[in-house]
Amino acid sequence: MARPDNGSQRTVMVARGAPLVRVEQLSHVIQTRAQRTVILDDVTFTVPAESLFAINGPSGSGKSTILNMLTGLDRPTTGRVLFAGVELRAKRENALARWRGRHVGIVFQFFQLIPTLTAAENVTLALQLGGGGGVPRRRWRQRALECLTAVDVGAYADRLPSELSGGQQQRVAIARALANDPPVVVADEPTGNLDSQSAHAVFETLASLTERGKTVIYVTHDRELAARASAGIELLDGRVVGSHGMEAAFDSVAPAAPSAEEAGQ
Ligand SMILES: Nc1ncnc2c1ncn2[C@@H]1O[C@H](COP(=O)(O)OP(=O)(O)OP(=O)(O)O)[C@@H](O)[C@H]1O
Ligand SMILES: [Mg+2]
């Protein structure tokens, strides 16, 4: 998966189609004095490396909660998330934040670009916050332009978000997610706030990332989009009620052992 173009340090070595993310018997319960709410109930699935993986389900079914567990932003009540064989909850907060910066790019429904920064500056900010992805500071602008060009918005590098359409803003947000060259991009309803034409273009952009070695996990309540994924799960009330495409992960070779650096984090 190494990208020779930016010299970034690779931290994950998993063959295409082999299990990259493994979610095992994940449950999440929120307990207040008044009541106990089960948000996720015994959720198990596997995301094959370099797949387009959909998490589909109606509003309130637990999709965003699962993404927060996958990115280590939230911790499950029980169960575990393994990333290339390494358990996330074993990491301390600082290590987890560093891990997230290197391994996961996040795309939000409402873009969440910084309004006072240009498209290119939004991407370089991600480089700054994520440690630069192995790219020296003097090359950050160039790296930002490469990421913007990869998702067809290179021409808008010096525009502010307010000077861009929704679809263009979302592509800038995808470029930002790619800044540190993470192996995984997660997107929570990335097309939920776009007209159907822009939604289609943004979806195609996300899908094309798998050809560049990325694993793309996207959350949607749109069944039609979900059906276009190479693998995925369907959720209802915090439970998995359907799945497809995960067999591929088990037909493939086992994941490589984590590097000493990863295991130690
Ligand atoms: N902190 C919390 N306290 C209590 N309930 C919560 C909390 N966070 C989420 N929930 C509940 O958990 C359930 C799942 O929420 P989640 O945000 O994961 O759903 P979702 O599938 O992403 O929905 P949407 O499509 O509307 O974004 C919802 O019923 C929600 O109300
Ligand atoms: Mg949600």
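The values are calculated or read from the model by the stated rules, or taken from the named source; none is laboratory data. All values reported here derive from a predicted model rather than from experimental measurement. Positions of Cβ are backbone-derived with ideal geometry, glycine not excepted, and every protein chain shown enters the neighbour counts.
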Check your understanding: If you go through segment 61-101 one residue at a time, how many are away from ligand 2 (no atom under 16 Å from the Cβ) and assigned to a loop (DSSP other than H, G, I, E, B)?
Key -> 8
Point to revise | Hey, residue 195 within 16 Å of ligand 2 (Cβ to nearest atom), more than 13 Å from the chain's Cα centre (by Cα) and more than 24 Å from residue 125 (Cβ to Cβ) or not | key: no
Check your understanding: Which one is farthest from ligand 1 (Cβ to nearest atom) among residues in segment 95-104 that are surrounded by fewer than 18 Cβ atoms within 10 Å (Cβ to Cβ) and either of a type in the set (A, V, I, L, M) or within 13 Å of residue 39 (Cα to Cα) (or both)?
Key -> 95
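Checking the structure you have, find out if any residue of segment 198-210 is within 16 Å of ligand 1 (Cβ to nearest atom) and crowded, with 18+ Cβ neighbours inside 10 Å. First the steps, then the outcome.
Within segment 198-210, the first condition is being within 16 Å of ligand 1 (Cβ to nearest atom), and the residues that meet it are 199.
If we keep only those that are crowded, with 18+ Cβ neighbours inside 10 Å as well, we get 199.
Looking for residues that are within 16 Å of ligand 1 (Cβ to nearest atom) and crowded, with 18+ Cβ neighbours inside 10 Å, one finds at least one in segment 198-210, hence yes.
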Review point. Where residues in segment 150-167 are part of a helix (DSSP H, G or I) and modelled with pLDDT of 95 or more, which of them is nearest to residue 13 (Cα to Cα)?
Key: 154
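What do you reckon, is residue 155 among the hydrophobic types (A, V, I, L, M, F, W, C) and surrounded by 16 or more Cβ atoms within 10 Å (Cβ to Cβ)?
Values: among the hydrophobic types (A, V, I, L, M, F, W, C): yes; surrounded by 16 or more Cβ atoms within 10 Å (Cβ to Cβ): no.
Answer is no for this residue.
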Check your understanding: Counting only residues that are surrounded by 15 or more Cβ atoms within 10 Å (Cβ to Cβ) and among the small types (Gly, Ala, Ser), which one in segment 65-94 is modelled with the highest pLDDT?
Key -> 79
Exercise for review: Say whether the condition of being modelled with pLDDT of 95 or more, closer than 18 Å to residue 188 by Cβ and not β-branched (Val, Ile, Thr) is met by at least one residue in segment 30-46.
Suggested key: yes
Review point. Has segment 195-206 got at least one residue that is touching a strand residue (DSSP E or B) at 6+ places or on another chain (Cβ under 8 Å) and touching a residue at least 60 places away in the same chain (Cβ under 8 Å)?
Key: yes
Exercise for review: Would you check if there is a residue in segment 62-74 being within 10 Å of ligand 1 (Cβ to nearest atom), under 24 Å from residue 214 (Cβ atoms) and among the acidic types (Asp, Glu)?
Suggested key: yes
Revision key, fill the gap. Across (1) assigned to a strand (DSSP E or B); (2) more than 12 Å from ligand 1 (Cβ to nearest atom), residue 40 clears everything bar (2)
